[in-house]
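See structure below.
The values are calculated or read from the model by the stated rules, or taken from the named source; none is laboratory data. Predicted model only: the values in this text are computed from it and were never measured. Please note: Cβ atoms are built from the backbone with ideal geometry, for glycine as well, and neighbour counts cover all protein chains shown. Surface areas here come from the heavy atoms of the whole protein model, side chains and all, with no ligands, DNA or RNA. Shrake-Rupley method; radii C 1.70, N 1.55, O 1.52, S 1.80 Å.
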Amino acid sequence: MNTTFLANVDSLARAQDVQHSSVREAICILRQIIQDPSSSVEALRIKEQAIFNLSDLLSHEKLGEELRSLLTELRQFFSLIPKAKTAKIVRGIIDAVAKIPGTSQLQISLCREMVEWTRSEKRTFLRQRVEARLAALLMENKEYAEALTLLTDLVREVRRLDDKLLLVDIDLLESKLHFSLRNLPKAKAALTAARTAANAIYVPPAQQATIDLQSGILHAEEKDYKTAFSYFFEAFEAFSALDDPRAIYSLKYMLLCKVMTSQADDVAGLISSKAGLKYTGVDLDAMKAVAEAYSKRSLKDFEIALSTYKDQLGEDPIVHRHLSSLYDTLLEQNLCRLIEPFSKVEISHISELIGLPMDTVETKLSQMILDKKFAGTLDQGAGCLIIFDDSKTDAIFTATLDTISNISKVVDSLYLRSAKIMA
């Protein structure tokens, strides 16, 4: 190990000890250590640590392009260390870039470059993991077609190699992708495949919780909210124990299930429980406001909650989808209750009673008539809704139709017999 290398290591140690030392100076020293030609075992170990320290510094300073250039510069160094360590460093640098906000395109570009490099270097293990990461990034970027093509080829390849742990990740990712494309049967099939692979090996708690979370989302999509709640609860407990930020989403979905099963009164109890108090904040306040509005059957309070907590309720596609369904149900219930005493009523009067724009009320009433939620018609010239009495079907009509059908069969039978006699 040459003296220059040791001097750089000493300089770095001194720089880290000085409280006000420049970050830029530390980055320069780390780069000098990494670029040093020394290749002894100890030198390689120090270089590896320097790479991790440098990637942390660059990530903290939000220097995404420098992280990208670092990964390119390290390709020669990767030939000196084992493939497993190479994989760890590559994934570490990609993770460091991911910590910088607004770098999704940079991450995609970086992953594409690494896929090409691993393909040329025949590093299959690393390539498969980088491709899985690339597919996840493409899905987040809503480039579903390319992500699906990539995952389809990757699943086939990984199944052939029987890498169960990676297969769990890919199947889970495929389930999320199909769910985003609104293909529920394929999403369920991919999740079943992920569970099957997970049962054959030890799966880390965070990964098992992710599977439970996805299971809950799919069950909620099928309106099976009780089963969905149990899966969300399992995911919440696991994420909470790991201090994973996804715990708050699991708790939100638990509260959503309570509202959707008309158990909105239980929401306040869950929030004030020991587990819920840990995550007190604007997300839970949003769900509490929705639950209170539903308990009161108040559309006005519901709309106020949706507008007040727009980021928490509107930005989450899962919560938004179910709350939209809940809003429609609540609107229908309120309209049915308001029009019940009338045989003919002005649409403007219903609009005033329910506190919604006239166009919205008219559109919803026409939809309810077409869906046969009640019998009536809209007189748009007069601006009125005419409600018909529920006409009960007279049993004599059904009996008459049955009689005519039986007579037709008898006539056909007699015709066949007469044809035989005449022959």
Contact order normalised by residue count of the chain, Cα under 8 Å, 6+ apart, percent: 5 percent
Eigenvalues of the Cα gyration tensor times 5, then square-rooted: what semi-axes does that give for the range 273-349, in whole angstrom, largest first? 31, 13, 10
Considering only protein heavy atoms, what is the solvent-accessible area of E292 at a probe of 1.4 Å, reported in Å² to the nearest 10? 90 Å²
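For the chain, what is the calculated [θ] at 222 nm in deg cm²/dmol (nearest 500), taking -39500 (n - 2.57) for each run of four or more DSSP H residues and dividing by its residue count? Could the numbers behind the result be given before it?
Details: 23 runs with 324 residues, N = 423.
It comes out at -24500 deg cm²/dmol, rounded to the nearest 500.
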Charge sum, other residues only, whose C-beta stays under 12 Å from E48's C-beta, Lys/Arg counted +1 and Asp/Glu -1: +3
Carbon/sulfur accessible area of the range 312-423, % of total, 1.4 Å probe, equals 57 percent
E143, E352, ranked by accessible area, largest first (probe 1.4 Å): E352, E143
Nearest-ten-degree value, helix 358-370 long axis tilted from longest Cα axis of the chain: 70 degrees
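Give me the accessible area per residue for the range 282-334, probe 1.4 Å, as a whole number in Å². Walk me through the numbers on the way to the answer.
Working: 2520 Å² over 53 residues.
On a per-residue basis, the range 282-334 sits at 48 Å².
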Residues with beta-carbon under 9 Å from that of Q312, excluding Q312: net charge, scoring Lys, Arg +1 and Asp, Glu -1? -3
Debye equation applied to the C-alpha atoms of the chain, log10 I(q)/I(0) at 0.06, 0.11 Å⁻¹: -0.45, -1.00
Farthest towards the positive end of the dipole of the chain, among A26, N183, T196 and with Cβ unit charges of +1 on Lys and Arg and -1 on Asp and Glu, lies the Cα of T196
Taking a temperature of 25 °C and a viscosity of 0.890 mPa s, what whole-number D in µm²/s does Stokes-Einstein yield for the range 207-339 with Rh from Kirkwood over alpha carbon pairs? 165 µm²/s
Can you bin the range 14-102 into rounded, prolate or oblate? Criterion: square roots of the alpha carbon gyration tensor eigenvalues sorted a ≥ b ≥ c, rounded for a/c under 1.5, prolate for a/b above b/c, oblate for the rest. oblate
Share of Cα-Cα pairs in the range 145-261 lying beyond 18 Å, as whole percent: 52 percent
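Rank these by accessible area, largest first, 1.4 Å probe: E131, E140.
Of E131, E140, the descending order of accessible area is E140, E131.
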By how many degrees, between 0 and 90 and to the nearest 10, does the Cα long axis of helix 64-73 differ from the longest principal axis of the chain? 60 degrees
Helix 3-17 versus the longest principal axis of the chain: what angle, 0 to 90°, nearest 10, using Cα atoms? 60 degrees
Pairs to check: K223/K364; K226/K364; K186/K226; K176/K252; K288/K372; K122/K176. Give those whose C-alpha atoms are more than 24 Å from each other in this structure. K226/K364; K288/K372; K122/K176
Top to bottom by accessible area (1.4 Å), largest first, where do H349, H219 land? H349, H219
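Can you give the net charge of the other residues whose Cβ lies under 14 Å from the Cβ of T280, counting K and R as +1 and D and E as -1?
Numbers: positive: K252, K274, K278, K288; negative: D283, D285.
Once all neighbours under 14 Å are counted, the net charge is +2.
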Per-residue accessible area for D266 at 1.4 Å probe radius, Å² rounded to 10? 70 Å²
